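Engineer: The structure follows.
The values are calculated or read from the model by the stated rules, or taken from the named source; none is laboratory data. As the structure is a prediction and not an experimental result, all values here were calculated from the model. Methodologically, a virtual Cβ is constructed for each residue, glycine included, from the backbone with ideal geometry; neighbour enumeration extends over all protein chains shown.
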Amino acid sequence: MQRLGTMRGMISVLDLSPVVPVVVLPDASVAVPLARALVAGGLPAIEVTLRTPGALDAIRAIAEEVPQAVVGAGTVITAEQVDACVAAGARFLVSPGWTPSLLDAMRASGVPFLPGVSTASEVVALLERGVRDMKFFPARAAGGTEYLRSLAGPLPQARFCPTGGIGPATAPEYLALPNVGCVGGSWMVPADAVAERDWARIEALARGAAGLSAGGTCR
């Protein structure tokens, strides 16, 4: 199992793999086989979004039954959700945006977190608070690679996981940027494959994503 800790010396969420699957689970019963397929394909970090009623149960099941996975919670927007996700076994937290109270709760949780940003002012505000790892969302709508490239010069301290509108064709363009550690996406967990329990297909898609590099070829 890869060791993941807080920001003091242990591995960052941004360094676990080039792609973090963003998973929306309609049914918690598929969480464990889905996670096993993603891990087998080389993607250990899995972001389970809090968009469905069974999300916390899914996080708990993955944490208990798939020790090779580093399961995290996405779409975290309240302090109450922070506490519930960590109690369920989430090992990192991701938010689409941030407020001072949400940031305080994520910092107090004791697990790594990626607060969401889409503007330079938001990035600067987080840097002032000692946060350097961030989610850039919604990536494509907020300016994509050109915007991130523009931030790299004046704000080289910030590192990003762009998420939103990214697929296998565009992921290498993001990964080529010096301020991008990984990208988030859902193309390796298509809804029809999850509905059909086609774990072999998901494992193959995960393997392709895990092999992506800045040049678009396998690492």
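Engineer: Could you please give the count of residues in segment 44-64 that are part of a helix (DSSP H, G or I) and either acidic (Asp, Glu) or touching a strand residue (DSSP E or B) at 6+ places or on another chain (Cβ under 6 Å) (or both)? First the steps, then the outcome.
Structural biologist: Filtering segment 44-64 for residues part of a helix (DSSP H, G or I) gives 55-64.
From what is left, the residues that are either acidic (Asp, Glu) or touching a strand residue (DSSP E or B) at 6+ places or on another chain (Cβ under 6 Å) (or both) are 55, 57-59, 62-64.
Residues in segment 44-64 being part of a helix (DSSP H, G or I) and either acidic (Asp, Glu) or touching a strand residue (DSSP E or B) at 6+ places or on another chain (Cβ under 6 Å) (or both): 7 in total.
Engineer: On to the next question. Tally the residues that are crowded, with 21+ Cβ neighbours inside 10 Å and out of contact with any helix residue (DSSP H, G or I) (no Cβ under 7 Å at 6 or more places or on another chain), restricting the search to segment 54-64.
Structural biologist: Final tally of qualifying residues: 1.
Engineer: Determine, yes or no, whether Leu212 is in a loop (DSSP other than H, G, I, E, B), at pLDDT below 95 and surrounded by 14 or more Cβ atoms within 10 Å (Cβ to Cβ). So that I can check it myself, show each step before the final result.
Structural biologist: On the way: in a loop (DSSP other than H, G, I, E, B): yes; at pLDDT below 95: yes; surrounded by 14 or more Cβ atoms within 10 Å (Cβ to Cβ): yes.
Criteria met by Leu212.
Engineer: Look through segment 142-171, keep the residues that are of a type outside the set (A, V, I, L, M, F, W, C) and either part of a helix (DSSP H, G or I) or in contact with a Gly (Cβ under 6 Å, 6 or more places away or on another chain) (or both), and return whichever of them is nearest to Ala210 (Cα to Cα). Lay out the reasoning, then the answer.
Structural biologist: Keep residues of segment 142-171 that are of a type outside the set (A, V, I, L, M, F, W, C), which gives 143-147, 149-150, 153-154, 156-157, 159, 162-165, 167-168, 170.
Filter once more, keeping what is either part of a helix (DSSP H, G or I) or in contact with a Gly (Cβ under 6 Å, 6 or more places away or on another chain) (or both): 144-147, 149-150, 159, 163.
Working: Gly144: 21, Thr145: 20, Glu146: 24, Tyr147: 25, Arg149: 23, Ser150: 27, Arg159: 19, Thr163: 16 Å.
In this case the residue turns out to be Thr163.
Engineer: Would you confirm whether any residue within segment 70-93 is more than 28 Å from Leu212 (Cα to Cα) and among the aromatic types (Phe, Trp, Tyr)? Walk me through how you get there before you give the answer.
Structural biologist: Step one: list which residues in segment 70-93 are more than 28 Å from Leu212 (Cα to Cα), which gives 77-89.
Subset that is among the aromatic types (Phe, Trp, Tyr): none.
Looking through segment 70-93, none of the residues is more than 28 Å from Leu212 (Cα to Cα) and among the aromatic types (Phe, Trp, Tyr).
Engineer: Out of (1) touching a Gly at 6+ places or on another chain (Cβ under 9 Å); (2) in a loop (DSSP other than H, G, I, E, B); (3) hydrophobic (A, V, I, L, M, F, W, C); (4) surrounded by fewer than 22 Cβ atoms within 10 Å (Cβ to Cβ), the odd one out for Ala139 is which?
Structural biologist: (4)
Engineer: Right, next: Taking Cys161 as meeting all but one of (1) of a type outside the set (Phe, Trp, Tyr); (2) farther than 22 Å from Gly42 by Cα; (3) buried (at least 17 other Cβ atoms within 10 Å of the Cβ), write down the number of the exception.
Structural biologist: Only one criterion in (1) of a type outside the set (Phe, Trp, Tyr); (2) farther than 22 Å from Gly42 by Cα; (3) buried (at least 17 other Cβ atoms within 10 Å of the Cβ) is unmet by Cys161, namely (2).
Engineer: Taking segment 159-173, which residues are in contact (Cβ under 8 Å) with a residue 24 or more places away in the chain and over 14 Å from Ala141 (Cβ atoms)?
Structural biologist: Selection gives Arg159, Phe160, Cys161, Pro168, Ala171, Pro172, Glu173.
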